[in-house]
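The values are calculated or read from the model by the stated rules, or taken from the named source; none is laboratory data. These figures come from a predicted structure and were not determined experimentally. Cβ atoms come from the backbone with ideal geometry, glycine included; neighbour counts cover every protein chain shown. Note: areas computed on protein heavy atoms with side chains; ligands, DNA, RNA excluded. Shrake-Rupley method; radii C 1.70, N 1.55, O 1.52, S 1.80 Å.
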Amino acid sequence: MKTNRTITRAFCIELQQELSIVAARREYFSQEPPRARFSFLCSSEPCRALGVKITGVRYDVKPQEHPTFVAAHYRANPNYEHHADCEWVDEAVKTPVAQENETEAESELRKLKRKLDDYIDVFDPTPKERVKSTSPTDKPDAEPTEKAEDATLPADALKAKQDKQNRTSNLERLVDSFRQAQASLTKEELALLTLRIPGQGEVSLRAYFRHIKFAQLNDERRVLYGGGLVERYGTGFKFKFFDRLQGKLVTLYVSPAQMQAYRSSRYLSELLSHADEVRFFTVFALGKLVASPSGKSVSVEIEDLRHLAIVLGPAKDAEEVAAKGPAS
Ligand SMILES: [Zn+2]
């Protein structure tokens, strides 16, 4: 059968793990060059047993600001049929008519979500503790799967599929979803999207992201973002936002020790290595603003490096790069 749900997870053969496309991108760029592309199978067991392949699109492109934004995503491979029990096959999704008991607003929201490659319903900001492992092979953070829900009575299976929610604790995945929503929806449409945060309830997706120039010192924790430049301190770095807050410089500092302890530090370093080729970086940080003891500047403090996502700014043109001369 053909899939008709948006495919948000796949099984990576090389990593022997089910993961989102954003997690696949991180793993891809964590490899030492030359990097090998991955092969993906459908995440559903019966399809995997049949060797049903899934295509990973643009996971080998670094996240970057671009006028024609195309999100990394999974796509069904037209050469493969999926098993009838596949989690991405859902006859009900095909019906264009409004679903039963659905209000107009719910129907509109459902259509908006379908426009996005990886709409996130629930974001759990508490990073999952790594599974204790004695194995030296470090596995990527697994995405929670919702297979348990599929194991309900067969009569409820269809309902379970419809109710299935996209849930993640991967900030970068939420950031990609937000960036795609910003790029492809109108302001009014974007305003309709909500996000559920365990322990915090339902919030507007738009309001969960706050540009640094509109941030406040006593705001509750949310995703602060803005453009700026990076200074390296060995393996660590300091990010300086362009926008000031009440006239004060805003920075985000990551020490070499924090970088060394972080399993995706190679990925972050890889992104930051393009400093001479891009006009700026955009940083997304789930954290709080703290005034420095001197009162002269403000820092963005994050509890965990998993609460940081970096997007490359637009590339400098050739003249700008030439004018800079050899890297000092
Ligand atoms: Zn399948």
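Things worth noting here:
- Per the listing L249, L217, L224, L229, the residue uniquely part of a loop (DSSP other than H, G, I, E, B) and either modelled with pLDDT under 95 or aliphatic (A, V, I, L, M) (or both) is L217.
- Picking from residues in the stretch 277-302 that are among the polar types (S, T, N, Q) and modelled with pLDDT under 95, the one that is nearest to R173 (Cα to Cα) is S292.
- Residue within the stretch 78-85 that is within 16 Å of the ligand (Cβ to nearest atom), aromatic (F, W, Y), modelled with pLDDT of 90 or more and over 29 Å from G199 (Cβ atoms) present: yes
- Taking every residue in the stretch 35-53 that is within 10 Å of the ligand (Cβ to nearest atom) and pairing it with any residue that is open to solvent by 40 Å² or more (accessible area, probe 1.4 Å) and of a type in the set (V, I, T), at least 6 positions away or on another chain, the pairs with Cβ-Cβ distances below 9 Å are L41/I13; S43/T145.
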